[in-house]
Amino acid sequence: MMPRAFLIVMDSVGCGGAPDAAEFGDAGANTLAHIAQACAEGRADVGRSGPLKLPHLDRLGLGAAIRLASGEDAPGLTAIPQGLWGAATEVSPGKDTPSGHWELAGVPVPWDWSYFPDQVPAFPQDIVDLVCKLAGTNGILGNCHASGVPIIEAHCAEHLRTGWPICYTSADSVFQIAAHEEAFGLDRLLRLCADLAPHLHKRRVGRVIARPFVGTCGAFKRTSNRKDFAIAPPSPTLLDWVAGQGRATHAIGKIGDIFSMQGVGKLHKGKSDLDLFEHLTRLGGEAEPGSLTFSNFVEFDTLYGHPRDVAGYARALEWFDAQIPRFLATLKPGDLAIFTADHGNDPTYHGTEHTRERVPVVGYGRGSIEIGLRSFADVGASIAHHLGVPALGPGQSFL
């Protein structure tokens, strides 16, 4: 029976040590090490307590990967590795979701992204005019760098009164639009983002993101109907390599959005990471021989990294780790599962943005292997090697 592969991205779970971190304003950032240190010092005892407990990932090699990547200690993560373990360095000129995922899938970004300046207004007038035309409004709200929850809080009342969309950006190459699902309309918001995206993609803006919310001002909630309209990868990725050989591909979470559905056979969505882990476990039992399952678990980043919630991030990591045994129990002889990340988002760091970091690479199914420091693209090349399909990118297999 042909072996299968499962590539599992723990969104933003970096491990420090990026050699160019200072160029991105992120010198010293280390998501995993700093969470572990905060837990050990009693600074993350909300809804949990004590040292960070990740026995299953640590047994695969997570603690060792952190020390390899950054030289920093991660209290509580001291197991002797029994799986495949190492760390990866990104070469793409960004610390955003598409850059990280594309490069993990074997395709480093060959261009410089376009970013909006951190000033008010942040967007050129021609873009504002285009949004107004597409939305059928006389203006927009926001027009600045912001985090999602605070900017909705600031403009919720005016949005409900005027119907103007709330538009904002960040240190990523992104244009985000928040709107009330009922007052503005979910279909209208998604259509606005879909129509706007091609114009911004031509300018090398990586994503247009719909950020719907419901409820009343002061008691609103962002919903799971977020949708990313991402620029297409510049060349075939791991998903295309596998699909091109007639193999099945499964995308869990926002993988379909990130890759503009290129190479995606079946898409599996959910309202939470809990739902997504159920998909992963089910596919562990059901995915076809020779198939690739590519998943993204986004809540580490969105719910805890950006809001700088150290305790929440620790709780999410511990919950995720506790689910791993039941997933691994579904795997068949010859299967490979790799757990990694796309960038960092250190909740102990200043600001609210992603952080430029190396990422851990730990795996199950190939015994105990130390792979050392690798490139992101080596992950895609290694999975292709495992599946027996040609790798068409610059990465080198570590298997």
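Here are the numbers:
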item: Sole residue being in contact with a Leu (Cβ under 7 Å, 6 or more places away or on another chain), farther than 18 Å from SER12 by Cα, part of a helix (DSSP H, G or I) and not polar (S, T, N, Q), chosen from ALA322, ALA314, ALA384, ALA337; result: ALA384
item: Matching residues, region 154-168, being surrounded by 22 or more Cβ atoms within 10 Å (Cβ to Cβ) and under 25 Å from THR97 (Cβ atoms); result: HIS155, PRO165, ILE166, CYS167, TYR168
item: Residue in region 309-325 that is free of Cβ contacts under 8 Å to residues at least 40 places away in the same chain and either over 24 Å from ILE35 (Cα atoms) or in contact with a Gly (Cβ under 8 Å, 6 or more places away or on another chain) (or both) present; result: no
item: For GLU103: the one exception among (1) touching a Cys at 6+ places or on another chain (Cβ under 9 Å); (2) in a helix (DSSP H, G or I); (3) crowded, with 24+ Cβ neighbours inside 10 Å; result: (1)
item: Breaking point among (1) surrounded by 16 or more Cβ atoms within 10 Å (Cβ to Cβ); (2) assigned to a helix (DSSP H, G or I); (3) within 20 Å of the chain's Cα centre (by Cα), for ASP275; result: (1)
item: Cβ-Cβ under 7 Å pairs, at least 6 apart or on other chains, region 244-263 side closer than 14 Å to PRO233 by Cβ, far side of a type in the set (Asp, Glu); result: ASP257/ASP228; ILE258/ASP228; GLN262/ASP240; GLY263/ASP240
item: Unique match (being part of a loop (DSSP other than H, G, I, E, B), buried (at least 24 other Cβ atoms within 10 Å of the Cβ) and out of contact with any strand residue (DSSP E or B) (no Cβ under 8 Å at 6 or more places or on another chain)) among PRO347, PRO390; result: PRO347
item: Entirely in region 180-244, the strands (runs of 3 or more DSSP E) that have 1 or more residues that are out of contact with any Gly (no Cβ under 8 Å at 6 or more places or on another chain) and β-branched (Val, Ile, Thr); result: 207-216
item: Region 125-146, residues that are crowded, with 16+ Cβ neighbours inside 10 Å, outside any helix (DSSP H, G or I) and either modelled with pLDDT under 95 or not small (Gly, Ala, Ser) (or both); result: THR137, ILE140, LEU141, ASN143, CYS144, HIS145, ALA146
item: Residue among LYS266, LYS271 that alone is in contact (Cβ under 8 Å) with a residue 40 or more places away in the chain, more than 19 Å from LEU328 (Cβ to Cβ) and of a type in the set (Lys, Arg); result: LYS271
item: Number of positions in region 1-24 that are of a type in the set (Gly, Ala, Ser) and either at pLDDT below 95 or in a helix (DSSP H, G or I) (or both); result: 2
item: Hits in region 281-300 - residues which are part of a helix (DSSP H, G or I) and either within 19 Å of MET261 (Cβ to Cβ) or touching a His at 6+ places or on another chain (Cβ under 8 Å) (or both); result: LEU283
item: Condition check for GLU353: of a type in the set (Asp, Glu) and either closer than 22 Å to VAL107 by Cβ or at pLDDT 95 or above (or both); result: no
item: Cross-chain or 6+ apart pairs with Cβ under 9 Å, region 58-86 first and over 19 Å from ALA44 (Cβ atoms) and free of Cβ contacts under 8 Å to residues at least 24 places away in the same chain, then assigned to a helix (DSSP H, G or I) and among the small types (Gly, Ala, Ser); result: ARG67/ALA33; ILE80/ALA64
item: Every residue from region 230-255 that is touching a strand residue (DSSP E or B) at 6+ places or on another chain (Cβ under 8 Å) and either at pLDDT below 95 or not small (Gly, Ala, Ser) (or both); result: ALA230, ILE231, LEU238, LEU239, VAL242, ARG247, THR249, HIS250, ILE252, LYS254, ILE255
item: Hits in region 289-313 - residues which are more than 30 Å from ASP45 (Cβ to Cβ) and surrounded by fewer than 17 Cβ atoms within 10 Å (Cβ to Cβ); result: PRO289
item: Residue among ALA122, ALA171, ALA197 that is surrounded by fewer than 23 Cβ atoms within 10 Å (Cβ to Cβ), closer than 28 Å to TYR304 by Cα and at pLDDT below 95; result: ALA171
item: Residue, surrounded by the fewest Cβ atoms within 10 Å (Cβ to Cβ), within region 184-194, restricted to residues that are closer than 20 Å to GLN125 by Cα and under 23 Å from the mean Cα position of the chain (by Cα); result: ALA194
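Okay, residues lined up against (1) modelled with pLDDT of 95 or more; (2) under 20 Å from the mean Cα position of the chain (by Cα); (3) under 22 Å from ALA337 (Cβ atoms); (4) outside any loop (DSSP other than H, G, I, E, B):
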| position | (1), (2), (3), (4) |
| --- | --- |
| ALA36 | yes, no, no, yes |
| ARG43 | yes, no, no, no |
| ARG48 | yes, no, no, no |
| ARG59 | yes, no, yes, yes |
| ILE66 | yes, yes, yes, yes |
| ALA69 | yes, yes, yes, yes |
| ILE80 | yes, no, yes, no |
| ALA88 | yes, yes, yes, yes |
| PRO93 | no, yes, no, no |
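The values are calculated or read from the model by the stated rules, or taken from the named source; none is laboratory data. The shown structure was predicted, so the numbers you read here are calculated from the model rather than taken from an experiment. We place every Cβ from the backbone using ideal geometry, glycine too, and count neighbours over all the protein chains shown.
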